[in-house]
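In what follows, a single structure is set out as structure tokens and then discussed.
The values are calculated or read from the model by the stated rules, or taken from the named source; none is laboratory data. Keep in mind the model is a prediction, meaning the values are calculated, not measured. Heads up, the Cβs are rebuilt from the backbone with ideal geometry, glycines too, and the neighbour counts pull from every protein chain shown.
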Ligand SMILES: Cc1cc2nc3c(=O)[nH]c(=O)nc-3n(C[C@H](O)[C@H](O)[C@H](O)COP(=O)(O)OP(=O)(O)OC[C@H]3O[C@@H](n4cnc5c(N)ncnc54)[C@H](O)[C@@H]3O)c2cc1C
């Protein structure tokens, strides 16, 4: 089963606990899910897929903006008839307006939106700008004179696609369960709280004790653990820690002898040190080498790449002994910063020229000793 790309099952939410403490800028949560005896298997490095539902209060506001009741029957993309409110909750993406919605609004008189269709930068800003993005409700509420029917609206909305989360548990350590570590995406724009669809569904809209359709996604082709005796270097700030909790548990429970080195980072040690007692316990007997970067605990920002630099000689020694290096978490900045630092380590600690360092890192990648799962 583990070889299949996707294994669907119905999971029951068992545990939903906030790991960040009061005062943290983030709400990052640990979720435990029962596999409910489904014959599914997963390995560390795999991911859990979920199909979330939208926030009912956002759905209500959109229904009100349409001057509808929510009971109107609409036809979903797969042909299923459904009441409007249910379709808006379960099927459609209300966060990112489609081009077809903008076109329809313009057709009906929202001429201020017209420049967005001919200016890619302006459109990108309108849909994605940090703290200034527009969602479907904004599009409707900003144009109270434009009236769309229920069928018209759903005809131009995107569907909500499933989201993936790294599995944070070893199935051998937690038979019958899968765990994930999810940061709830919430941000206010123009006085209204915007909610990431799936992360806040996990946090607030999937009650503990209830079930939901989920799937396990095999990621072994690009993010498989190394052989039991191979040293591994894991770089996972923020929720990037998730797969490495699974790696560590798997090695612990199988008695794998390879050495383990984890770089973790977050904003503050006092509020954002996820799985602190577990990790400290592994580190206290020397089984896990643990290096921590709490970026905002001192005047200058310290991130995981700075710790890599500080330990360049050891990183180089581990690589020369055949270590595999794993990176998980933020794609935008962290992964690129770590990649740059890795090249610098090969140059400085390994005494290579920049070209040779590029070749060395490329060889690590090609021989699957440098693996990334970034998002
Ligand atoms: C293989 C893989 C593994 C992953 N593992 C994890 C994991 O272990 N834990 C985890 O938490 N996530 C993980 N993710 C990310 C996860 O899949 C979702 O993308 C994430 O939870 C956000 O989804 P959402 O539905 O909550 O938010 P969405 O509704 O998709 O909204 C997110 C969007 O909001 C935008 N946004 C955020 N803040 C602002 C702001 N201030 N202003 C404007 N726009 C803003 C972002 O740019 C982003 O595009 C993983 C992704 C992949 C592909």
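If only one of 325, 302 is touching a strand residue (DSSP E or B) at 6+ places or on another chain (Cβ under 7 Å) and over 23 Å from residue 166 (Cα atoms), which one is it?
Going through 325, 302 in turn, just one is touching a strand residue (DSSP E or B) at 6+ places or on another chain (Cβ under 7 Å) and over 23 Å from residue 166 (Cα atoms): 302.
Of all residues in the stretch 333-358, exactly one satisfies the criterion of being in contact (Cβ under 8 Å) with a residue 60 or more places away in the chain and either loosely packed, with under 13 Cβ neighbours inside 10 Å or under 15 Å from residue 311 (Cβ atoms) (or both), namely 338. Can you say whether residue 357 is under 30 Å from residue 21 (Cβ atoms) and at pLDDT 95 or above, as far as the supplied structure shows? The answer is no for residue 357. If you go through the stretch 23-37, how many residues are assigned to a loop (DSSP other than H, G, I, E, B) and surrounded by 18 or more Cβ atoms within 10 Å (Cβ to Cβ)? Here the count works out to 2. Close contacts from the stretch 204-233, counting a first residue that is touching a residue at least 24 places away in the same chain (Cβ under 8 Å) and within 30 Å of residue 186 (Cβ to Cβ) and a second that is in a helix (DSSP H, G or I) and within 12 Å of the ligand (Cβ to nearest atom), with Cβ to Cβ under 9 Å and a gap of 6+ residues or different chains, come to 212/201; 219/243; 223/243.
Applying the condition of being in contact (Cβ under 8 Å) with a residue 12 or more places away in the chain and assigned to a loop (DSSP other than H, G, I, E, B) to the stretch 108-130 and asking which residue is nearest to residue 181 (Cα to Cα) yields 110. Selection over the stretch 269-299 of residues that are touching a residue at least 12 places away in the same chain (Cβ under 8 Å), in contact with a strand residue (DSSP E or B) (Cβ under 9 Å, 6 or more places away or on another chain) and closer than 18 Å to residue 259 by Cα gives a count of 8.
This table checks each residue for (1) part of a loop (DSSP other than H, G, I, E, B); (2) within 12 Å of the ligand (Cβ to nearest atom).
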{"residue": "15", "(1), (2)": "no, no"}
{"residue": "21", "(1), (2)": "yes, no"}
{"residue": "39", "(1), (2)": "yes, no"}
{"residue": "54", "(1), (2)": "yes, yes"}
{"residue": "64", "(1), (2)": "no, no"}
{"residue": "69", "(1), (2)": "yes, no"}
{"residue": "87", "(1), (2)": "no, no"}
{"residue": "97", "(1), (2)": "yes, no"}
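Remark: residue 216 falls outside the filter, which requires a residue to be in a strand (DSSP E or B), within 8 Å of the ligand (Cβ to nearest atom) and either more than 16 Å from the chain's Cα centre (by Cα) or crowded, with 22+ Cβ neighbours inside 10 Å (or both).
Residue count for the stretch 69-92 satisfying the condition of being surrounded by fewer than 18 Cβ atoms within 10 Å (Cβ to Cβ) and under 22 Å from residue 126 (Cα atoms): 0. Taking first residues from the stretch 131-146 that are free of Cβ contacts under 8 Å to residues at least 60 places away in the same chain and not assigned by TED's automatic domain parsing to the domain that holds residue 68 and partners that are within 15 Å of the ligand (Cβ to nearest atom) and not in a loop (DSSP other than H, G, I, E, B), no Cβ contact under 6 Å between residues at least 6 apart in sequence or on separate chains turns up. Note on the stretch 123-149: among residues that are away from the ligand (no atom under 16 Å from the Cβ) and under 33 Å from the mean Cα position of the chain (by Cα), the one that is surrounded by the fewest Cβ atoms within 10 Å (Cβ to Cβ) is 142.
The one condition from (1) free of Cβ contacts under 8 Å to residues at least 24 places away in the same chain; (2) buried (at least 18 other Cβ atoms within 10 Å of the Cβ) that residue 97 does not meet is (1).
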